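Q: Submitted below is the structure of interest, expressed as structure tokens.
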Amino acid sequence: MRLFATDDMSTGFDHVWVTIKQVSLTAASGDRVIFDDPAGRIIDLKTLRDAAGRRFNLLSNRAISSGKFAGLKVVVNSDLNVFPTGATTATAATFDGSTTGGTKTLSVDFASPRDLLTGTNLIVDFDLSKWTLTGNVVSATDNHFLNIVEDSRVDDPLRHELDDYHGTISNLSGAAPDSTFTLTQRNGTVNVKTDANASIFQESAAGSPSLTNGERVEVTGVFSTSANAIIATTIKIDDVNDNDPDQVKGQISSFSADTKTAVITIVRSHGFVPTNTTLTLQFADTTKFFSHRGVTLTSADFFAQVANGNFIEAEGTISGDTFTVTKAKLEDEVGHHGEGGGHHGGDGNHDGAELTGTISDLAADAGTFTLTVTRWEGLMLSSGAKVSVTTSASTEFKLNGATATKAAFFAALATATSVQVEGTYDDATKSLAATEIKIGDNGGGGHGGGGGGGND
């Protein structure tokens, strides 16, 4: 049975951040827990509705034994942060009838007893249109915090929220980039599918990421009811030494390379409930930076690529209004947040991929060669993969860090032991259109050529 959260329209709030801890079906024979997360799932309920209607966030997907169920109970933290319309700072509130630091049980009865089978969609509506903030207390008309709704748009992935799912891989099958696996989370399991549109990277900043059973990962994606799986857009392989307690994703409104800061409008959070609509990110000399494809970047490269309006994911520690960042990754955010919503799919092209390998089938006049991959970043590959590399008039060639002519570079390629290539990878043709190619100076193996000026 698949459990989704959604919302009905309310004009009284801009954000309502709640922490969901448990969801149970009620029955005469006893309650059946269908979602259980002791740490709590932090959600801004207001994101679950837009001008086009309801949006959906998967809470759990698990098999349950048959039986007639009378209703649903949702246990939330009694504390919630509410942003009335136009407010930039939250009102720290509690649910009516609860006390600070405790929990509140929200209940709803089904219209008639229901037999919920595997594959059934159960949609719980946190009906904000019935919620009222009075002082620091949130109440609901006739205590009507929840509703159960039917909506066929739950079968449209574009109506699902892009979200993060943390867990451990098992039952891995397929070959990169097309694979499936089971993700075991704190509150159950969910299926995950990857394809050529998914990027993968290692939180430790090591190269050549690949999936294996037993790995702990963070999957970003949207749920597809037809596939009965999360369709992954990004997979981060967790660092086993990671001790970062907090995580935030948001849209950049300003940044400074000089002060190593950025101000974001918060979209999602993990480990803390936002108290303001914006947050200052403070980067450090030790911060690890990644491109939107998961390629490691220097601080200078990161700030050269970033722009206002970009989305970013940061890990680290929050203190007051400042978030000290240990890891930062630019995002191709396609969730609810004004970009059209949901998983847009893709064409299997990876701009910003970085490959290293050995050369064969060198054709200097055509400006092409075959790369046998030994290291990769920004996409899902395997060692030994063959990639056709093409160059163009805009390709930048570098020998030992110096810009070279195409002729000088291809002469050096003939004796190079390896080469590093950056560009746009096309999975359908197994080819890469190079934007930059390097030999030496941390960009590939030794060669017999020298540098030169400009491209030709």
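The values are calculated or read from the model by the stated rules, or taken from the named source; none is laboratory data. Quick caveat, the model's predicted, so the values are computed rather than measured. Neighbour counts run over all protein chains shown; Cβ positions are idealised from the backbone, glycine included.
Q: When the residues of segment 159-171 are filtered to those that are surrounded by fewer than 17 Cβ atoms within 10 Å (Cβ to Cβ) and at pLDDT 95 or above, which remaining residue is nearest to PHE35 (Cα to Cα)?
A: Per the criteria, the residue is THR168.
Q: Could you list all residues from segment 206-257 that are under 18 Å from the mean Cα position of the chain (by Cα) and hydroxyl-bearing (Ser, Thr, Tyr)?
A: First, the residues of segment 206-257 that are under 18 Å from the mean Cα position of the chain (by Cα): 209-211, 215-224, 229-239, 242, 244-252.
Scanning segment 206-257 gives SER210, THR220, SER224, THR233, THR234.
Q: Mind listing whichever residues of segment 269-286 are assigned to a loop (DSSP other than H, G, I, E, B) and more than 19 Å from the chain's Cα centre (by Cα)?
A: The answer is THR275, THR277, PHE283, ALA284, ASP285, THR286.
Q: Among the residues that make up segment 425-437, is at least one of them part of a strand (DSSP E or B), surrounded by fewer than 23 Cβ atoms within 10 Å (Cβ to Cβ) and either in contact with a Lys or Arg (Cβ under 6 Å, 6 or more places away or on another chain) or at pLDDT below 90 (or both)? Give the derivation first.
A: So in segment 425-437, the residues part of a strand (DSSP E or B) come out as 425-426, 431-437.
With the extra rule that they be surrounded by fewer than 23 Cβ atoms within 10 Å (Cβ to Cβ), the set shrinks to 426, 431, 433, 435-436.
In the following step, the residues that additionally are either in contact with a Lys or Arg (Cβ under 6 Å, 6 or more places away or on another chain) or at pLDDT below 90 (or both) were identified as none.
Taking every residue of segment 425-437 in turn, none turns out to be part of a strand (DSSP E or B), surrounded by fewer than 23 Cβ atoms within 10 Å (Cβ to Cβ) and either in contact with a Lys or Arg (Cβ under 6 Å, 6 or more places away or on another chain) or at pLDDT below 90 (or both).
Q: Here's something else I'd like to know. For segment 272-302, give me each residue that is in contact with a Ser or Thr (Cβ under 6 Å, 6 or more places away or on another chain), surrounded by fewer than 19 Cβ atoms within 10 Å (Cβ to Cβ) and without any contact (Cβ under 8 Å) to a residue 60 or more places away in the chain.
A: THR280, GLN282
Q: Mind checking which residues of segment 96-112 are surrounded by fewer than 11 Cβ atoms within 10 Å (Cβ to Cβ) and either in contact with a Leu (Cβ under 7 Å, 6 or more places away or on another chain) or of a type in the set (A, V, I, L, M, F, W, C) (or both)?
A: Answer for segment 96-112, where residues must be surrounded by fewer than 11 Cβ atoms within 10 Å (Cβ to Cβ) and either in contact with a Leu (Cβ under 7 Å, 6 or more places away or on another chain) or of a type in the set (A, V, I, L, M, F, W, C) (or both): just ALA111.
Q: Find the strands (runs of 3 or more DSSP E) located wholly in segment 128-211 whose residues include 1 or more that are out of contact with any Ser or Thr (no Cβ under 8 Å at 6 or more places or on another chain) and under 27 Å from LEU25 (Cβ atoms), and list them.
A: 146-149, 163-175, 178-185
Q: If you don't mind, another one. What number of residues within segment 305-322 are among the charged types (D, E, K, R) and either more than 15 Å from LYS288 (Cα to Cα) or not in a strand (DSSP E or B) (or both)? Before you say what the answer is, go through the steps one by one.
A: First, pick out the residues of segment 305-322 that are among the charged types (D, E, K, R): 313, 315, 321.
Filter once more, so that each one left must be either more than 15 Å from LYS288 (Cα to Cα) or not in a strand (DSSP E or B) (or both): 321.
Residues meeting the conditions: 1.
Q: Which strands (runs of 3 or more DSSP E) sit wholly inside segment 1-98 and have at least 3 residues that are of a type in the set (D, E, K, R)? Give the steps one after another, and end with the answer.
A: Working: elements: 2-6, 13-26, 32-44, 57-61, 68-77, 79-84, 91-95.
Once the strands (runs of 3 or more DSSP E) in segment 1-98 are filtered for at least 3 residues that are of a type in the set (D, E, K, R), what remains is 32-44.
Q: Restricting attention to segment 113-130, which residues are buried (at least 16 other Cβ atoms within 10 Å of the Cβ) and over 30 Å from the mean Cα position of the chain (by Cα)?
A: Hits for segment 113-130 are ARG114, LEU116, LYS130.
Q: Here is a further query. Looking only at segment 188-222, how many residues end up being of a type in the set (S, T, N, Q), in contact with a Pro (Cβ under 9 Å, 6 or more places away or on another chain) and more than 21 Å from SER383 (Cβ to Cβ)?
A: Number of matching residues: 1.
Q: Let me ask you something else. How many residues does segment 31-51 hold that are touching a residue at least 24 places away in the same chain (Cβ under 8 Å) and over 18 Å from the mean Cα position of the chain (by Cα)?
A: Of the residues in that region, 13 qualify.
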